[in-house]
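Here the structure comes first, spelled out in structure tokens, and everything after it is commentary.
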Amino acid sequence: MRYLVVSRRTALAVFLAGLGLAFALAAASRQLSVQPASASGTKTPVYCVETDEKKLALTFDAAWGAEDTGELLEILAEFDARATVFAVGDWVRQNPESVRAFYEAGHTIGNHSDAHGAYGEMSYDEQLADLQACSAAVEACVGVRPRVMRAPSGDWNADTVRAAETLGMQAVQWSVDSLDWQGLTAEEMVSRVTAAAAPGAILLFHNGVENTPAALREILRVLSAEGYSFVPAEELLYWENYRVDSAGRQYREAQ
């Protein structure tokens, strides 16, 4: 009898390929559905923030592996950068040491669902229960519940925002995608992110991806030299007296 042996690196590549396909399909779905929903008054997640300050929200989606936790923490500390780690509940339960390491280093832990399901196809009650399970896992690990959430693969619907608000969270997407999940080289990611960065942007990376640490170090070096600081999404967002337009840009309302 012959057996197929799959290495961890091969499994990761297969997972990321599947994630990329799901991500692309979700993006196509959003292009078809977000504008009509927004036009009818449905709230949207925050994709970026209107601000004159040279601040960027640094975010990582964590759903697979944790081998690069120490390296990422070292790079972030080198540039005095703080980030939000959007963690899947299953990942939190499997990697509690990494979750605590990020949190104790001054980073925040966001909710990225409990099992990385297709939120665009799930009901309000299903999403609410899933978000609750992830928040409970995070609280059990670090003692605090997430204040922000991101839908798996960026696939959201009106119930996603409503469920997040029910649990006291702001739904957050991104305006600059490193595309690390597509297997870009570090050089390609650096060029892409530094060209698109602007005050109030939300940057998306993933942990457990081969070229992300090298790209991150150079991105932080270049953007730091341009005067940018890097904060968790929670510190970039406005939490009162704000509005979010149909494109997902958050504005502070005049009082």
So for the pair GLU187, GLU253, with labels modelled 7 Å out along Cα→Cβ, what separation do we get in nm? 4.9 nm
In nm², what is the average projected area of the convex hull enclosing the Cα atoms of the stretch 183-232? 3.4 nm²
Would you mind estimating how fast the stretch 32-134 diffuses translationally, via Stokes-Einstein at 37 °C and 0.692 mPa s with the Kirkwood radius over Cα pairs, in µm²/s? 209 µm²/s
Per the rule of 0.36 nm per residue minus the C-alpha distance, extending ASP125 to ALA101 adds in nm 5.4 nm
For the charge dipole of the stretch 216-255, defined by +1 on Lys and Arg C-beta atoms and -1 on Asp and Glu C-beta atoms about the Cα centroid, which residue among LEU220, TYR238, GLN250 has the Cα displaced farthest towards the positive pole? LEU220
If you bin the C-alpha pair distances of the stretch 110-244 every 5 Å from 0, what whole percents do you get? 2, 10, 18, 18, 18, 16, 12, 6, 1, 0
Tell me, what HN-Hα J-couplings in whole Hz come from the Karplus equation 6.51 cos²θ - 1.76 cosθ + 1.60 at θ = phi - 60° for each residue of the stretch 118-126, using x for Gly and Pro? 8, 4, x, 10, 9, 6, 4, 4, 5
Residues whose modelled amide H sits under 5 Å from the amide H of ASN111, counting only those 5 or more places away in sequence or on another chain, are ALA87, VAL148, MET149, ARG150
At q = 0.19 Å⁻¹, what log₁₀ I(q)/I(0) does a Debye calculation on the Cα points of the stretch 85-149 give, no solvent, two decimals? -0.62
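Would you kindly state how much longer the chain becomes between ASN241 and ALA214 on full extension, computed as 0.36 nm times their sequence separation minus their alpha carbon distance, in nm to one decimal?
Details: separation 27, 0.36 × 27 = 9.72 nm, distance 3.87 nm.
Stretched fully, the ASN241-ALA214 segment lengthens by 5.9 nm.
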What value in Å³ per residue do you get for the convex hull of the alpha-carbon atoms in the stretch 129-197? 122 Å³
Per-residue HN-Hα couplings for the stretch 196-212 [Karplus 6.51, -1.76, 1.60; θ = phi - 60°; Hz; x = Gly/Pro]: 9, 4, 8, x, x, 6, 10, 9, 10, 10, 10, 7, x, 10, 3, 8, 5
The FRET efficiency for ALA136 and ARG221, from their Cβ-Cβ distance with R0 = 35 Å and rounded to 0.05, is 0.40
Counting only protein heavy atoms with a 1.4 Å probe and every protein chain in place, the carbon and sulfur fraction of the accessible surface of the stretch 155-255 in whole percent equals 44 percent
With an 8 Å cut-off on Cα pairs and a minimum separation of 6 or more residues, tell me the relative contact order of the stretch 104-236 in percent. 21 percent
Calculate the spin-label point distance for ALA115 paired with ALA196, positioning each point 7 Å from the Cα along the beta-carbon direction, and give it in nanometres. 3.1 nm
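The values are calculated or read from the model by the stated rules, or taken from the named source; none is laboratory data. Since we're looking at a predicted model, the values are computed, not measured. Note that each Cβ is placed from the backbone with ideal geometry, even for glycine, and that neighbours are counted across all protein chains shown. Side chains are part of the model used for accessible areas, which takes the heavy atoms of the whole protein and leaves out ligands, DNA and RNA. Shrake-Rupley method; radii C 1.70, N 1.55, O 1.52, S 1.80 Å.
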